[in-house]
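Here, each number is a calculation from the coordinates, and none is a lab measurement. Since we're looking at a predicted model, the values are computed, not measured. Here the Cβ is made from the backbone with ideal geometry for all residues, glycine too, and neighbour counts use every protein chain on show.
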Amino acid sequence: MQQMRIAIIGQGRSGHDIHSKFLSGDDSGRYKVIAVVDKIADRRERAAGEFGCDTYEDYHELFSRDDIDIVVNSTFSFEHYPLTLDLLSHGFNVLVEKPFAMRYADCKDMIETAEKHSCKLFVFQQSRFAPYYTKIREVVDSGVLGRIVQISIRFGGFSRRWDWQTSQRFGGGSLYNTGPHPLDQALDLLGFDENVRLIYSKFDKLNVSGDAEDYVKLLVTAPNKPLIDIEISSCDAYVPFVYHIQAEHGSLKASMTNIDYKYYIPADEPARPLILEPLRGDKGQPIYCSEKLTWHEENIKIEGSAFDVGTSRYYDMVYRCLFEGRKPEIEPWQSMLQIKLSEQAHIDNPLPILF
């Protein structure tokens, strides 16, 4: 079995707490971290202790190596584009953290550079493999809910924040930080339709010390597709659901640990042809439309999350793409479409850059 030899740039919350945590705990034998880059000395020391790998202060030092199968770019959000472009230009396969970039044009540049240098490029959208989301997709794809009219997605809670993720200059803000999770899922549910439209957006800044948004509302849709209502909020102490689906034959509501849905079967119910005359009861009294449908109710308990199951499945996808020639389920152009919407939302909701 071939080992995927990995270099990780960045040992912060994503680089260490997601990527390094998974790779150090995986017992499949398929992955080997051979190099770690971080500007902070104690993080390099920690990585050397965890992996027994080479460590560097500057990522340019990787360019002298020819034994790296893929580089994980887990740097500040504003560094995703320039570092990934540089790595691709030097012939490295790259797995870049989300957001893919700040601008649609930068995403396009990275994709074209990867093609030019025959490199593989991946964007770490592991929430596509989150257990709750894959189960929701199964229910939607089964057709039991009928035609779907609206999908509401809520990523929220109540919290204050004061780190670099609240700085526009660093590429922070809720849309670029949290947004890639629900936006990727939303676009997946819309079939990554290239005619997708952002029909409404609103930003606000309430509980952050920086100058970036911590409240986001987006409405997106595509021709003959459902309306998707996305909300990302740090000012919601009563989050009612993560997913709520309204459909022709029933509805679904879900958290990341529990899914409930109910539906009726049209073939089991009487037909209801249109009646234009006033509706009357047995005694001739006026009545409303009323019936008792037979509801079928289902419940699914969810185990695992985007951070364990999702990360494992994502790395499995990367491995199979690099060593078995498989086509990846998650492709960079899909994330580029996401950034196109995010960039438009930022244009429509400018906030002053203060820091």
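Descriptive notes on the structure:
- Separation of the E112 and D268 label points, Cα + 7 Å toward Cβ, nm: 5.6 nm
- Gaussian network model of the chain, springs between alpha carbon atoms under 10 Å - residue of I330, I153, I40 with greatest fluctuation: I40
- Average Cα contact separation per residue, the chain, under 8 Å, 6 or more apart, as relative contact order %: 18 percent
- Residues of the stretch 144-158 with an amide N closer than 18 Å to a point placed 7 Å from the Cα of F241 along the Cα-to-Cβ direction: 144-157.
- Neighbour-count order for C289, C321, fewest beta carbons within 10 angstrom listed first: C289, C321
- Angle between the chain longest axis and helix 311-324 axis [Cα atoms, degrees, rounded to 10]: 60 degrees
- Reach of K262 by Cα under 19 Å, taken over aspartates and glutamates that are not fewer than 8 positions away in the same chain: E138, D141, E248, E291, E297, E298
- Inter-label distance, F355 to F192: 3.5 nm, where each label sits 7 Å from its Cα along the C-beta direction.
- Packing-based exposure ordering (other Cβ within 10 Å, fewest first) of V140, V72, V220: V140, V220, V72
- Under 25 Å, Cα to Cα: Lys pairs in the stretch 4-124, sequence gap 8 or more or different chains: 12
- Cβ-defined net charge surrounding K205, 9 Å radius [Lys, Arg +1; Asp, Glu -1]: -4
- Cα-projected label distance for E57 with V149, points at 7 Å along beta-carbon direction, nm: 6.3 nm
- The slack in the chain from A41 to N207, taken as 0.36 nm per residue of separation less the alpha-carbon distance, amounts to 56.6 nm.
- Over all other residues within a Cβ to Cβ distance under 11 Å of R43, the charged ones net out to -2, with Lys and Arg as +1 and Asp and Glu as -1.
- Highest-fluctuation residue, L121, L274, L293 considered, GNM on the chain with Cα pairs under 10 Å: L274
- Largest GNM mean-square fluctuation across G281, G12, G25, computed for the chain with C-alpha springs under 10 Å, falls on G281.
- Euclidean distance between Cα centres, the stretch 113-143 to the stretch 191-269, Å: 18 Å
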